[in-house]
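Provided herewith is a single structure, encoded as C-alpha cells, for subsequent inquiry.
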Amino acid sequence: MALFLLLFMGCEKFLPFIFNPDPENIHIPAGSLCYTKSIDHRWQVVLNDGNGGCINITQPPGVDAGSPRWSPDGRYIAYQFYGTRIYIYDVLKKETTDLFGKYETGEYWFVAWTPDSRMILYKYHIPGQNDKLYIMNADGSNKKPTMATFPQFVGFCSDNYHFLYIKKDDPLDPLYKADIEGSTDEFLLNIKECGKYNTYLDDYDPLSERILCHEDTSTWGGGFTFLIKTINLITGQTDTVVHSEDDIIFRRPKFSNDYKKIVFINENRKTGLSSLVLWYEGKTKELLKTSTEEEWFDFHPIAFSKQDFFIAFSINTDLPGEYVCWKSSVYVIALPTNTLLYIDEGKDIHWNPKFVL
C-alpha cells in the first residue's frame, strides 16, 4: 500500500490553467499511456486500459521488451524487443513489425522519432567497432548513418532537421549538432566545463535554444546534485533554476512541453524521503512526498501530457526478502486540481500525443 503524501496546495493558484476538471471525475482513458510492466516475470510493453489494468501489445508476448516511445503523430509505438531489436506497433492496425531482417547482424537501440513521425534514429553497435547513430524510414527501409558517433541523443532542433547529441567517448561530454542527412557535425561546447562542478545535461528547449542541466559534486554523475540551471546555447547565459539547502539533492529535472515549467525530484539525505517538485516562474511547489525510506521515485524521466495538465511518474516500493527487489507503480497527478490517480503497476511511462483534454 502506498504511503506517500499528496500535498493539497492549490496548483490552480500556482499555475494559470484554462482546464478546470471535477476532481472527483478525472479519468485517464484507455490507450493514453504506454509503459513497461512485469507480467509473468517478463518485462512487457503495455497500454493502460482505463480501469487500473493494462493491454499487452508485446508480440509475441513472454519475451522481454521495453523502452516504448510513441511516434509524434500517435500512430505507432517503437520499442526494444529482446534487448537488441527494434519493433514498432501500429496502434490502428494492432500489428507489430520487426524493423530488421533476420540476417542483419549487430545490436540496434532505438533513440528517437523524427518530429514528422516518418523516420527513426537508432544506435547501431557491432562488437569491436564504434557505436554510430543511424537513421531509417519508419518501415525499416533506407538505413543510413549520420555523422554522430558514441551518441547520447539530446533532442531535435526547431527546424526538425538538425539534432543535438553528446559524444560519450569524451570525458568532457562535448555537445554537437548534426543533421538527419549525415552532412554536418558541429561542435558546440563541453558540457562538463559549464560550471564550478561537473555539469550534466538533462533536457533541451529547442524554441529558445536552452539546455537544462544540473551540477554534481561527484565525477561519475551520481553524487550530490545541488544546482539545477539552464544555459542559453546562443548567448551563453546561465540562469539558476533552484539551488539546494543543506542535505537536499536534486534528481532528474525535466521541461514541460511548453518549456515554461520544470519538474524534478527533491531528496533529503538525512531522512531518506523524496518529493516531487514543480517549478514555474521562479517559484517551486511540492506536489507529492514519500513518507517512508522504502518508497522512492523511479529512475525513468517524469512525463508531462501534451498540454501539460498531467504528470505521469512511477513510485517504487521496496519489498521484504533476501534479495533486493521492489514493486513499481504508475501514477498521474492532475495539476489543475492536484488529484492523484493510480494507473497500474509499471515504469518508463509515455503519454499518447493524441491524449488531449
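Taking only Cα atoms and a 10 Å spring cutoff, compute GNM fluctuations for the chain and point out the largest among LYS93, LYS177, LYS261.
Highest fluctuation of the listed residues: LYS93.
State the Cα centre-to-centre distance between region 243-296 and region 102-119 in whole Å.
With region 243-296 and region 102-119 each reduced to a Cα centre, they are spaced 33 Å.
Once you put a point 7 Å from the Cα of GLU286 and another 7 Å from the Cα of GLU209, both along the Cβ direction, what distance in nm separates them?
3.9 nm
Per residue of the chain, what 222 nm ellipticity follows from adding -39500 (n - 2.57) for every DSSP H run with n ≥ 4, rounded to the nearest 500? Write down the numbers at each step before the final one.
Working: 1 runs with 4 residues, N = 357.
Value at 222 nm, helices only, nearest 500: 0 deg cm²/dmol.
In nm, give the distance between the simple-model label positions of PHE150 and ASP170, each being 7 Å from the Cα along the Cα-to-Cβ direction.
Each label point lies 7 Å from its Cα, and together they span 0.9 nm.
If you compute volume of the Cα convex hull per residue in Å³ for the structure shown, which of [x] 184; [y] 157; [z] 219 do you land on?
For volume of the Cα convex hull per residue in Å³, the calculated option is [y].
What FRET efficiency comes out for the pair ASP98/LYS260, r = Cβ-Cβ distance, R0 = 35 Å, nearest 0.05?
Values: r = 40 Å, r/R0 = 1.13.
FRET efficiency, ASP98 to LYS260: 0.30.
Which residues does the label zone of HIS162 cover in region 235-257, counting backbone N under 15 Å from a point 7 Å along Cα→Cβ?
Residues passing the 15 Å test: 235-236.
Decide, for region 194-289, between rounded, prolate and oblate: order the square roots of the alpha carbon gyration tensor eigenvalues as a ≥ b ≥ c, take rounded if a/c falls under 1.5, and otherwise choose prolate if a/b is larger than b/c, else oblate. Let's see the in-between values first.
Working: a/c = 2.18, a/b = 1.27, b/c = 1.71.
Judged from the Cα gyration tensor, region 194-289 comes out oblate (a/c at least 1.5, b/c at or above a/b).
Right, something else. Is the shape of region 262-326 best called rounded, prolate or oblate, per the rule: a/c under 1.5 gives rounded, else a/b larger than b/c gives prolate, else oblate, with a ≥ b ≥ c the square roots of the Cα gyration tensor eigenvalues? Intermediate values should be presented prior to the final figure.
Details: a/c = 3.31, a/b = 1.68, b/c = 1.97.
In terms of gyration-tensor shape, oblate.
While we're looking at this one, here's another question. Once you've got the GNM for the chain with C-alpha springs shorter than 10 Å, pick whichever of GLU293, GLU104, GLU267 has the biggest mean-square fluctuation.
Fluctuation is largest for GLU104.
Read-outs: derived from the displayed coordinates by stated rules, not from any lab. Only a predicted model underlies this, so the values are computations on that prediction, with no experimental measurement involved. Note that each Cβ is placed from the backbone with ideal geometry, even for glycine, and that neighbours are counted across all protein chains shown.
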